[in-house]
1. Which of the listed residues, A:Q146, A:Y461, A:L836, is farthest toward the dipole's positive end in chain A, when Lys, Arg count +1 and Asp, Glu count -1 at the beta-carbon?
2. Let me check against my output: what whole-number percent is the relative contact order of the range A:109-259, with C-alpha pairs under 8 Å and at least 6 apart?
3. Please state the shape class of the range B:260-335: rounded when a/c is under 1.5, otherwise prolate if a/b exceeds b/c and oblate if not, all from the C-alpha gyration tensor.
4. For the range A:964-991 and the range B:120-159, what is the separation of their C-alpha centers, rounded to whole Å?
5. Loop only per DSSP, at most 13 neighbouring Cβ atoms within 10 Å: give me the trypsin sites (Lys or Arg not before Pro) in the range A:618-694, ordered by residue number.
6. Relative contact order, percent, of chain A when contacts are C-alpha pairs under 8 Å separated by at least 6 residues?
7. Pull out the extension gain between A:T705 and A:D235, defined as 0.36 nm times the separation in residues minus the alpha carbon to alpha carbon distance; nm, one decimal.
8. Give the residue list of trypsin sites (Lys or Arg not before Pro) in the range A:248-314 that are DSSP loop and have at most 11 other beta-carbon atoms within 10 angstrom.
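The values are calculated or read from the model by the stated rules, or taken from the named source; none is laboratory data. Quick caveat, the model's predicted, so the values are computed rather than measured. For neighbour counting, all protein chains shown are included, and Cβ atoms are generated from backbone atoms with ideal geometry for every residue, glycine included. What goes into the accessible areas is simple: the full protein's heavy atoms, side chains included, and nothing from ligands, DNA or RNA. Shrake-Rupley method; radii C 1.70, N 1.55, O 1.52, S 1.80 Å.
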Amino acid sequence: MPRTGRIREKLRWSKIYTFSCIRHPESINADAGPSLSLSLSLSLPLPGPGHSRIVRCNQPRAHKRKPLDYPTNYISTTKYNIVTFLPKAIFEQFRRVANLYFLLAACLSVTSISPFSPVSMIAPLAFVVGLSMAKEALEDWRRFVQDMKVNLRKALVHKGNGRFSNKFWHKIRVGDVVRVEKNQFFPADLLLLSSGYEDGICYVETMNLDGETNLKVKRSLEVTLPFEDDRSFKDFTATIRCEDPNPSLYTFAGNLEHERQVYALDPSQVLLRDSKLRNTSYIYGVVIFTGHDTKVMQNATESPSKRSRVEKKMDRIIYILFTVLVLVSLISSLGFAVKTKLEMPSWWYLQPQRGDNSHLYSPSTPGLSGIFHLVTALILYGYLIPISLYVSIEVVKVLQAMFINQDLQMYDEETGNPAQARTSNLNEELGQVDTILSDKTGTLTCNQMDFLKCSIAGFPYGLSSSEVEIAAAKQIASEESGGSVQNGGGIDYWENGGSGFGSSPEIELEGGITCKIEKPRKPMIRGFSFEDDRLMQGNWMSEPNPGTILLFFRILAVCHTAIPELDEETGGFTYEAESPDEGAFLVAAREFGFEFCRRTQTSVFVRERYPSSAEPIEREFKILNLLEFNSKRKRMSVVIRDENGQLLLLCKGADSIIFDRLSKNGRMYEADTSKHLNEYGEAGLRTLALAYRKLEESEYSAWNTEFLKAKTALGPDREAQLEQAADMIEKELVLVGATAVEDKLQKGVPQCIDKLAQAGLKIWVLTGDKMETAVNIGFACSLLRQGMKQIRLSPMNKELITQDANKAVKEDIQKQITNASQMIKLETDPHAAFALIIDGKALTYALEEDMKHQFLSLAVDCASVICCRVSPKQKALVTRLVKEGTGKVTLAIGDGANDVGMIQEADIGVGISGVEGMQAVMASDFSISQFRYLERLLVVHGHWCYKRIAQMICYFFYKNIAFGLTLFYFEAYTGFSGQSVYDDWYMILFNVLLTSLPVISLGVFEQDVSSEVCLQFPALYQQGAKNLFFDWYRIIGWMANGLYSSLMIFFLNIGIFFTQAFLRGGQTADMAAIGTTMFTCIICAVNMQIALTMSHFTWIQIVLVWGSIATWYLFLLAYGESSPLVSGDAFRLLVEALAPAPIFWAVTLLVAAACNLPYLIHISYQRLYNPMDHHVIQEIKYYKKDVEDQIMWTRERSKARWATKIGFTARVDAKIRQLKGKLHSKVSSLSGQTVVATPPPDVL
Amino acid sequence: MMNNSGASAAGSSSGSGEGQAPRRNSKRPKYSRFTQQELPACKPILTPRWVISVFTLVGIIFVPIGLVSLMASRDVVEIVDRYDSACVPPNMTDDKVAYAQNAAIDKTCTRILKVPKDMDQPIYVYYQLDNFYQNHRRYVKSRNDEQLMSAKKANDSSGCDPEATTGNGTIVPCGLIAWSLFNDTYSFIHGNKNITVNKHNISWKSDRDHKFGKDVYPKNFQNGALIGGAKLDPKKSLSEQEDLIVWMRTAALPTFRKLYGRIEVDLKANDTITVTLKNNYNTYSFNGKKKLVLSTTSWLGGKNDFLGIAYLTVGGLCFFLATAFTVVYLVKPRKLGDPSYLSWNRNPQGH
């Protein structure tokens, strides 16, 4: 399929490139040496274990038989399949202790030991387990659908005779030749054979694997280059011997045997699954690893099943209840044994001497009877353990997840993705997060660069004023004008969200720059947000230094390695660049009128548009040398010859590097430029300095010979020689200016970070990117700011090749950490904030067992932590360190496959959906389409879910204790015989129907405060992080409440129904009447209790609470009308006995009131004299004080933020402190000079 | 699928016209107040006014109920006479069990009761047993409802162990409960007149009509080696054996009263009643007390002050709480919605 890419003539990149991808003729010969020796051992596989894989290329049949029938490319991340579902899921269910207990109880219920009928034990269990399993099945089905989406992607596969056709990914087999087009993902791990470039290189984006955004170059072997179109594969065969599947992404060992020659293979020929072909029109490759053998799948770890802290604590409570259960059962069975031994012989009406073979009630063997009775008692008091708790929680969580999924405010219009709770069992954990570990690219940023500002010849261009300055200025202005709105500036700013600042659209900043605040920029052009008419439409000609500006534009247009591509639809050019910044430069140059339009082997063509002429002039710049960019050099240059024959070296690079290389007279603009660069840096922009140098013919040719010599040199020091050569020419530069590119943050990221910081969350950034980039983003997100003390940890530069190099580096890191900790300790300024920036290499040492705790305590002391160049593994390790070291809840958020480890390791993993690559989302617990939705997810949903679940669990324990203990008290009155006072059916329905729905409605609908208030008062989030609603104090309080209620229920009933008649007709109450009345009391008391617990009643809660009570009476009525064989003593009980008895109703009222009295006193007292934040806010809202007294409301909102050292607000605060400091010194100096008694403004 | 415009940001640019992926609005959640958790809700808060009114209201309701209940209980006249030890002949007090088990001894015993207050008819006659575990699991389970209900199931005695069959076949009614039927009898003389004890309608109507069959007659009852309690008239169907029906409703507590009959005569204060009773039932083995109770009823039932006292206690407590809250509130009021109570205002450094 011919595409635009085919139009471009083939380029031989190796001619232009200096460093990495040249293949020297000599080196091929050098390769041939070992390959000859290898060819002797043709038939042998590679030596060593783990290198047994043999791939027969282009011979599909060879891989259908043993031993070469490798797994297909089918991937599956599901936990179960149809066969294994039942056994595995059931096993999973009964791993819960409570469920196992109920299973045992159900098994025993068929024997005569059980106090209940079998159906009353088995039915609830089956219901509960069935429901959980259904949920499990649904979740697995979703995973299956996701897998199938991937499996059913199509790829072009060689079908024989040089024909390629589409094949599903999962049908691809080892040895197949595939053709991958530009911007497609590789379906499996491939060996690169040839590409759209003549020399077989291709560009690969590995963002999904390691999170790095720059493109990587891969090159094929020389020998496979001829296979460059479909037909050439007709007769292609080869054999690959290589390593077995392994998870290492950066290594590969193997060789290729083609026409009896053996060629060594290395990682640069291997294209990994889930990386993407970029800037290359197509490639051919042969499949080496498929499906689960691929490196990316080998890296995938089984997603761990996560449980929230609340649930873990709940388990502990369940254990406590189990202990109580065992204790109570022991008492019961001891009592039974004693009674059986001592008293039962005299109870002739039981015919104790006529035991029915079992030893259940045998006075002669009281010990045995006691042991049997223990089992009975364990089953009888099982109501202490809420069987329906798990299932209720699961139902609630699914519904909560539904609300998360349905939240329109977390729906992204652009990608069309709503938020998704992929596993629902962590909802409440969202309300307890302490540390957020975030990926950068794709999460905080959109991986798009926008040209924003520049400084040319010492003049700054580009109008977009930094948001920090605006906000700080506004606030100061409002304070000085004695405005009523204090401290609210930062918040208001965000809330107005760019709709302008109302009354003051223009603000005079300190620097005298008047900046217009307009609606958020909507860049019409991707990659270009520059706004300054002085440079646009050729206006630059009338600026002070048009010559320098011209040079600036030419550097942008010429000094790069990109390739233009004509967009046939629009007629414009798009650029395929290695890094996004370069693309942004080219777009900027184009917009300034210097359109890069063509590249040949030796030249770059630029269409220059001047206002003087209508038609653009196409100029050719001959590229003589290209000195590439690498992370060590931090600069790139080209040597060109322009149309006038003038030799020029154009250079762009990191400012520090360029400034070091300026000539004496090239420093004209240095001071101004570096001032601008600082400003840009503070605003979080990526900066580069541009410079040039005029070269003399003679000088150049002398250098060129040196350079060529270095280029053709052999051996390990070739690179060093090349660098040295490049160094020689890249000096004596003349500074032209600097650029500022915005690494475009995703929408709303700084605001979101600000809010999260105010909610008391700590934010760590873990990125695979360079330190500079990460620091820029830190500034842009306000995680870093000027005045923050940066602690940078990176290993020494000295590359000691000694034995103890490792040790030395480690000691060095250790020293750095100790020093930094010391520094923090000695710091006295309360506003001082520290930022820790650590490099991946340093991290390797810092994460070692003996150092990691020291590292962690340092990191915890810092306001923000940024880890750069970290591998996916390290991300996971850091996450684990934070999780285990601090013991707090961690949340990891990321978008790429490189974040999977961290997402799985963290307590909560959040994936960013909407960007391609599903790995992160698949591994995540929640997926959102934009980082900014994290705020709502945590602050609103997390807060609610946490409170809901916490209250729900407490209530569950309360009600089961209240109910279960009455059974125990009754035992004391039955000689501990194991008789229950309630009908079996009451007991079944208690948990399943009569008390479950209100508590579920509590768990689903309760809102302490509305979502707006949650967002306005981020500090409320700390109620969850501090675990105020599920601490032992509260849990024990609820349990005590349950104990009290059980006592009330039982003894009031017993006392009232003691022996006398309960009806005018003289009848006395029997066990059924007392049991039913008692049960009625329980139903009323616990449902009243839940009504007191709730603070938010929609019609649903009202219906469910009243409905539960009504259901009980209706049930009693219906049960009474059923056959007496079913209902037994409950037959017509309500109609005939209870309803006509005033005492029945009187008892219900009394007990319900008495049970709830202490709780009512407690909450009344607490609310009156010790209100919690949400109580006060509820009251403010209730009395509409927020409407009446908006000043107070705004003030409180601004105070309600966690005093934070990071985030936008903190930055504004810091700026204000700084400005005030300046103002203060000004005023004091003024008052010092003039003795005029002007009182300083109030603000001071 | 592959060419996602959002990701090919790397320098590719062609102005604004770059292909936006078509909006997939199908995934857009539908708006409803339910899914957005915006349902109209009532959000009551416990203001001091509410708290005080609630406590006062509970007090206002509960105290009168308590008083009324107490009065009803006080109106009931009750005569309780324990006769188990008094009816044992003095020579057998050392071996009461032998006395009870010896069928040859005449168990007749006479008691004189004095009426403390006027008692209006109907006066209910109860027997009260003590330390008798009618609620023991072995006991409660030992019955067969199907057999009691219909003649067709007469041979069904499942669950009746150990009193299911004799040598002659299935026992009807089977089980320990029926077997241990109470068999003391009482007859009353008021002045010189015999008072008839009406034993009709002392059981639940539904029991008579639906649970004890009209066509089920006692069979093999008390024919076994062990004689438990009362014998039944084999001529009368179970639905007419009201003593059995009352007995078969097992009591919840080891101390219980069961209705024996009704006296439909008004008794005046200081009247004496002579009770001639047959002290057959063996409670001596397990030291159980036996009492004869004569009681009137009120609308609330029998004599028990507990309900009234409980109501008065809770009501009084609520009055007390209402006062306490009022006082505390007056002494140290808190303005509702006063932001100074917010945590960040109370301990600013706590952040």
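1. A:Q146
2. It comes to 15 percent, rounded to a whole number.
3. Prolate.
4. Computed from Cα coordinates, the inter-centre distance equals 19 Å.
5. Of the trypsin sites (Lys or Arg not before Pro), the ones in loops of the range A:618-694 whose Cβ has at most 13 other Cβ atoms within 10 Å are A:K632.
6. Contact order relative to length: 12 percent.
7. So the chain would gain 164.7 nm between A:T705 and A:D235.
8. A:R260
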